[in-house]
Amino acid sequence: SGIVVNNSGAVEVQSGTFVVGGGFTNSGAVSVSAGATNRLAGGGAASGSFTGPATALVEWTGGSFTLNPGATLNGAGVYRLNGGNVTVAADVTPDNLDVTSGSSTLGGSGVVTVANGMNWTAGTMNGSGRTIIAPGATANLAMPGQVVLATARTLENGGTVNWTGAGDILMSSSSIITNRAGALFHAQSAAQVSFGGGAACRFDNAGTFRKSTSTGITTIGSGVTFNNTGSVDIRRGIVAANGGYLSAPNALLNCALGGTNYGQLQVAGTITLNGNLSVDLL
């Protein structure tokens, strides 16, 4: 478990689980076969490549690992933070990324573009970089507890975000959630985007922010301004914008009416109501 690996050539993980517990430096090429796992438990750094097809797994389970310029995360396999920390110092584009441990942090100044799918069920994303859900990609936020977006980190959705978990998204220190034009941020539970302190945060919606499924309250907390230049579509329950709601002239607020299950927008703080209002009779 205390093995140290310094690779400047080629490492092939053909089957089973290859555990590197004492640190891993990769300036070469690592390939992980289908069904196999490369488990990095002792930190390290990479300026080389990792490649794995579907069902392959590269997993950071301990220590701190840095993806330096030149590092790439290739293939349809999964790259998972499950107890380890990863600092992204250069832009990377994994097909599939999971952040699943409350003790894990994805940080750094680089841009992480998820090309296919992301599962964020626990842990922290911070630093000055961005995490981008590419157009056509899906991020599942099925967290049972809190996840954290901090220290000026931007979560930028160009595809679909499904927020189904009961846990909160805690934002702090100038962090931003951006929902691009054409993208869908779908809140399906009664949970909160809460504010943890520091400079004010923003939720910028240029696509569609939809609330459905739960009749409870989805809250955008005080300290987080909700800016709508796209469409807010409230199918069931309440969206509470407790940090203010600013609607642009080209924006749309749509609420569904169906007996007692009608969509509501409730605002505390500064409110600017521009744009259009529409109603769906269910």
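The values are calculated or read from the model by the stated rules, or taken from the named source; none is laboratory data. What you see is a predicted model; the values in this text were computed from it and never measured. Cβ placement follows ideal geometry from the backbone for every residue including glycine, while neighbour counts extend to all protein chains displayed. Quick note on the areas: whole protein, heavy atoms, side chains included, nothing else; ligands and nucleic acids left out. Shrake-Rupley method; radii C 1.70, N 1.55, O 1.52, S 1.80 Å.
Can you tell me which residues in the range 67-77 are open to solvent by 40 Å² or more (accessible area, probe 1.4 Å), under 15 Å from Ser33 (Cβ atoms) and either in a strand (DSSP E or B) or not hydrophobic (A, V, I, L, M, F, W, C) (or both)? Within the range 67-77, Asn74 is the sole residue that qualifies. Tell me, yes or no, whether the range 38-48 has at least one residue that is touching a residue at least 40 places away in the same chain (Cβ under 8 Å) and farther than 30 Å from Ser175 by Cβ. Within the range 38-48, one or more residues are touching a residue at least 40 places away in the same chain (Cβ under 8 Å) and farther than 30 Å from Ser175 by Cβ. Scanning the range 226-282 for residues that are of a type in the set (A, V, I, L, M), assigned to a strand (DSSP E or B) and surrounded by 15 or more Cβ atoms within 10 Å (Cβ to Cβ) turns up Val232, Ile234, Ile238, Val239, Ala240, Ala241, Leu246, Leu252, Leu253, Ala256, Leu265, Val267. Remark: Thr213 matches the filter, which requires a residue to be open to solvent by 70 Å² or more (accessible area, probe 1.4 Å) and either at pLDDT 95 or above or farther than 22 Å from Arg153 by Cα (or both). Taking the range 85-120 as the range and being open to solvent by 50 Å² or more (accessible area, probe 1.4 Å) and of a type in the set (Gly, Ala, Ser) as the test, the residues that pass are Gly102, Ser103, Ser109.
Counting just the residues of the range 163-211 that are part of a loop (DSSP other than H, G, I, E, B) and hydroxyl-bearing (Ser, Thr, Tyr), which one comes out farthest from Arg235 (Cα to Cα)?
Checking each candidate, the answer is Ser173.
Applying the set (1) within 15 Å of Val19 (Cα to Cα); (2) open to solvent by less than 50 Å² (accessible area, probe 1.4 Å) to Asn82 leaves exactly one unmet item: (2). Taking the range 121-144 as the range and being part of a loop (DSSP other than H, G, I, E, B) and either of a type in the set (Val, Ile, Thr) or open to solvent by 30 Å² or more (accessible area, probe 1.4 Å) (or both) as the test, the residues that pass are Thr121, Asn126, Ser128, Pro135, Gly136, Ala142, Pro144.
The residues listed here are Gly127, Gly117; of these, the one that is over 11 Å from the mean Cα position of the chain (by Cα) and under 21 Å from Leu67 (Cβ atoms) is Gly127.
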